[in-house]
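Enquirer: Pasting a structure below so you can have a look.
The values are calculated or read from the model by the stated rules, or taken from the named source; none is laboratory data. Just so you know, these numbers come straight off a predicted model, no measurement behind them. Positions of Cβ are generated from backbone atoms using ideal geometry, with glycine treated the same way; all protein chains shown enter the neighbour counts. Only protein heavy atoms, including side chains, enter the accessible area calculation; ligands, DNA and RNA are left aside. Shrake-Rupley method; radii C 1.70, N 1.55, O 1.52, S 1.80 Å.
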Amino acid sequence: MRSEEKRLAAEAERVRNAENALKRRAADVEILVEESKKKRAAETGNTAALPGAEQQKSLASEPTKCPTPVIQSRPLAGGIAMVEISAPCQVGKPVVIHYEGLASNLTIGTDGNLSAALDLIFGPEPGAMVEIEGFAPAKISLAGLDLDKVSKTAVLWTSPVNVDLHAFEYASIAGAPGHLWQGNPSASADASAQSKADGLGHGFISRSDDGQRAGSKVEVYTFLHSPGQTRGVVTFGLDFESRGATPEGENCGDGSNAQLAFETVVRSPNGSIRRESGIIPSAKCGVPLSAAARRNAGAIPDLRLNR
């Protein structure tokens with residue numbers, strides 16, 4: 001009986017050893033499988049093949065991939081290009097749009113996007129570029145514009161003051177509907193509708209500037225020509241708005257901003273460009289200015305509609 005017990009005990013020990021060997025082999029196989037998964041994930045970049053903890057660890061260690069900014073433009077009525085930038089990784093970063101010596105300093109919005117209207121007072125020929133921090137400058141497409149149907153009159157200056165360009169269509173008086181300026185700018189759609197109603201060309205202030213930005217300041221009047229129109233005139237005024245009705249401080253006498261140097265740019269539908277320089281002289285401090293003196297008639301050349 002004792003010998004039978006020994007035989008059974010030995011058999012049970014043999015079974016236990018075999019089971020333990022199988023368990024060890026299964027564990028080794030599982031380790032090999034996991035190592036193979038990790039290796040394949042590393043080679044293919046497919047972190048989904050990893051176990052949960054390893055997958056999270058891998059994802060956390062992967063650098064965020066930022067796409068190259070997408071820069072597009074679309075033409076608007078009146079010889080204007082709407083520049084649209086999508087740069088989701090550049091939120092709050094500076095953007096500079098360069099156009100014929102003019103630089104517009106802008107910022108990517110909190111949604112990673114930026115839209116800016118580029119008024120083509122020099123036409124498309126000079127080209128335009130966008131600079132975004134961390135990326136090479138990129139060209140802006142300036143195709144499909146209606147510049148052959150519009151005239152543009154622009155005033156440019158650099159002093160840190162506010163200047164208002166005033167346009168008087170067809171002998172309009174101050175305050176009349178045909179008197180266009182920053183306070184009554186109209187719009188391309190309104191000008192087009194008015195042209196359909198009376199058969200005459202009309203315009204709008206396509207760009208205004210309060211003089212607060214660094215660099216060049218620009219205000220632009222854009223005229224939409226009406227087919228067949230052969231007569232008409234638009235006159236202009238240039239108000240040194242910061243100086244006001246009664247000059248004082250740095251805007252009069254010998255002040256640092258007492259006189260204003262400016263440049264006028266006039267572009268015709270045929271592409272010709274006329275550039276002139278001018279100066280609004282200093283005014284005496286504390287002496288009220290008449291409406292005519294503030295208007296500075298003749299500072300900007302008339303737009304004569306002779307075809």
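Enquirer: Only one of (1) buried (at least 16 other Cβ atoms within 10 Å of the Cβ); (2) assigned to a strand (DSSP E or B); (3) in contact with a Leu (Cβ under 6 Å, 6 or more places away or on another chain) fails for Pro124. Which number is that?
Expert: (2)
Enquirer: Let me ask you something else. Select from segment 135-185 the residues that are surrounded by 17 or more Cβ atoms within 10 Å (Cβ to Cβ) and touching a helix residue (DSSP H, G or I) at 6+ places or on another chain (Cβ under 8 Å) and write down the one among them that is nearest to Pro269 (Cα to Cα).
Expert: Step by step, filter segment 135-185, then rank; the result is His166.
Enquirer: While we're on this one: Could you please find all residues in segment 203-228 being outside any strand (DSSP E or B) and closer than 19 Å to Met82 by Cβ?
Expert: Hits for segment 203-228 are Ser208, Asp209.
Enquirer: Out of (1) closer than 26 Å to Gly92 by Cα; (2) open to solvent by less than 70 Å² (accessible area, probe 1.4 Å); (3) touching a Gly at 6+ places or on another chain (Cβ under 9 Å), what's the single condition that is false for Ile132?
Expert: Single failed check for Ile132: (3).
Enquirer: What do you reckon, is Arg294 surrounded by fewer than 17 Cβ atoms within 10 Å (Cβ to Cβ), basic (Lys, Arg) and out of contact with any helix residue (DSSP H, G or I) (no Cβ under 7 Å at 6 or more places or on another chain)?
Expert: Judged against the criteria, Arg294 is not a match.
Enquirer: Could you tell me whether Ser282 is open to solvent by 50 Å² or more (accessible area, probe 1.4 Å) and over 20 Å from His179 (Cβ atoms)?
Expert: Taking the combined requirement at face value, the residue satisfies it.
Enquirer: Let me ask you something else. Would you mind listing the strands (runs of 3 or more DSSP E) fully within segment 229-307 where at least 1 residues are among the hydroxyl-bearing types (Ser, Thr, Tyr), more than 19 Å from Gly201 (Cβ to Cβ) and free of Cβ contacts under 8 Å to residues at least 24 places away in the same chain?
Expert: Result: 273-280.
Enquirer: Regarding Ala299, is this residue of a type in the set (A, V, I, L, M, F, W, C) and open to solvent by less than 80 Å² (accessible area, probe 1.4 Å)?
Expert: For Ala299, the condition - of a type in the set (A, V, I, L, M, F, W, C) and open to solvent by less than 80 Å² (accessible area, probe 1.4 Å) - is met.
Enquirer: Also: Mind listing just one residue for me: the one in segment 121-134 that is among the hydrophobic types (A, V, I, L, M, F, W, C) and touching a Pro at 6+ places or on another chain (Cβ under 9 Å) and, of those, farthest from Pro69 (Cα to Cα)?
Expert: Checking each candidate, the answer is Met129.
Enquirer: Of all residues in segment 247-279 being touching an Asp or Glu at 6+ places or on another chain (Cβ under 9 Å) and acidic (Asp, Glu), which is surrounded by the most Cβ atoms within 10 Å (Cβ to Cβ)?
Expert: For segment 247-279, the residue satisfying everything is Glu263.
Enquirer: So which residues in segment 223-246 are closer than 13 Å to Ala171 by Cα, open to solvent by less than 50 Å² (accessible area, probe 1.4 Å) and not aromatic (Phe, Trp, Tyr), if there are any at all?
Expert: Those that are closer than 13 Å to Ala171 by Cα, open to solvent by less than 50 Å² (accessible area, probe 1.4 Å) and not aromatic (Phe, Trp, Tyr): Gly232, Val233, Val234, Thr235, Gly237.
Enquirer: Residues in segment 185-195: is at least one free of Cβ contacts under 8 Å to residues at least 12 places away in the same chain and under 31 Å from the mean Cα position of the chain (by Cα)?
Expert: Checked against the condition, which is being free of Cβ contacts under 8 Å to residues at least 12 places away in the same chain and under 31 Å from the mean Cα position of the chain (by Cα), segment 185-195 yields at least one hit.
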